[in-house]
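The values are calculated or read from the model by the stated rules, or taken from the named source; none is laboratory data. None of the values given here were measured: they were computed from a predicted structure. Methodologically, a virtual Cβ is constructed for each residue, glycine included, from the backbone with ideal geometry; neighbour enumeration extends over all protein chains shown.
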Amino acid sequence: MIYYSVQTQKWETYANVVKFISSEDGPQEAYCNDIQDYIEMVKVYPYKFSNLTSHPIVLTQEQTTRLEWLNTVEGVTNTYESEVVLFVKEGAILPSNNSTFLLDIATEYATTTEAYIKTLQESVWAKIKAIRDEKIINGGHCVDGKWYHSDTVSRSQQTGLYLMGENVPTGLMWKTMDGSFVEMTPMLTQKIFFAAAGQDSALFQHAEALRQQVKESATPEQVDIESGWPATFQPSVGA
């Protein structure tokens, strides 16, 4: 959004924000003064980059005020660029900041900082839920070393077999997540039913533990939300 100009020795606003899709990294956003480089990038590498859009950057009055104040502070270069950009863009000054000139006015921005952190926490929580739900639907549940599908249709079928009790058809072969078949029995239907419940419970418990970490953190985006999940089915290489 803003950058430090060596020529003017002031923080200035970029002219444009560009958005595009990277085949490797997904949706991307960048700031620039000249979009021609991005136009050329998409033209030369159409198999890597697509859906380029751009629009001019217009600061709000509050952002303009913060930027003008910033340029009155002596000696503020790009050493603390990320902290300065966050301050101008969101009005947020995090406790972890290293820039003393911002920490000196942190109390004046306590409300906007709190709002920003809450927005971050909600965003990270949304990511946690997405990971949790993906694992619930596609991660499977394990019984005696075999993984069984956990999507909605499979769960319905498994529950139906469980409810049949001793009336499960003899010789019924069931496909597992690794592609192999096992014979379904009344005992196995029970194990699968309770394994699914246990897996769901463990996934929800880990998600809630992460949610608490995020809730208590002033830097929720730094919480490791990828690790510590219960094991799920992992396809063999080449399978």
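Structural remarks
- Subset of the range 34-61 (residues that are surrounded by 11 or more Cβ atoms within 10 Å (Cβ to Cβ) and under 29 Å from Tyr109 (Cβ atoms)): Ile57, Leu59
- Scan of the range 189-214 for residues that are in contact (Cβ under 8 Å) with a residue 24 or more places away in the chain and either surrounded by fewer than 14 Cβ atoms within 10 Å (Cβ to Cβ) or under 15 Å from Gly140 (Cα atoms) (or both), ordered by number: Thr189, Lys191, Ile192, Phe193, Ala195, Ala196, Gly198, Gln199, Asp200, Ala202, Leu203, Phe204
- Glu226 meets the conditions (1) assigned to a loop (DSSP other than H, G, I, E, B); (2) closer than 20 Å to Asp144 by Cα in every case but one. The failed one is (2).
- Out of Thr64, Thr77, sole residue that is hydroxyl-bearing (Ser, Thr, Tyr), modelled with pLDDT of 95 or more and surrounded by 10 or more Cβ atoms within 10 Å (Cβ to Cβ): Thr64
- Residue in the range 99-125 that is farthest from Glu221 (Cα to Cα), counting only those that are in contact with an Asp or Glu (Cβ under 7 Å, 6 or more places away or on another chain) and polar (S, T, N, Q): Ser99
- Residue match in the range 86-93 (condition: out of contact with any Asp or Glu (no Cβ under 7 Å at 6 or more places or on another chain), of a type outside the set (A, V, I, L, M, F, W, C) and closer than 30 Å to Val214 by Cα): yes
- Wholly enclosed helices (runs of 4 or more DSSP H) of the range 86-183 bearing at least 2 residues surrounded by 11 or more Cβ atoms within 10 Å (Cβ to Cβ) and over 31 Å from the mean Cα position of the chain (by Cα): 152-164
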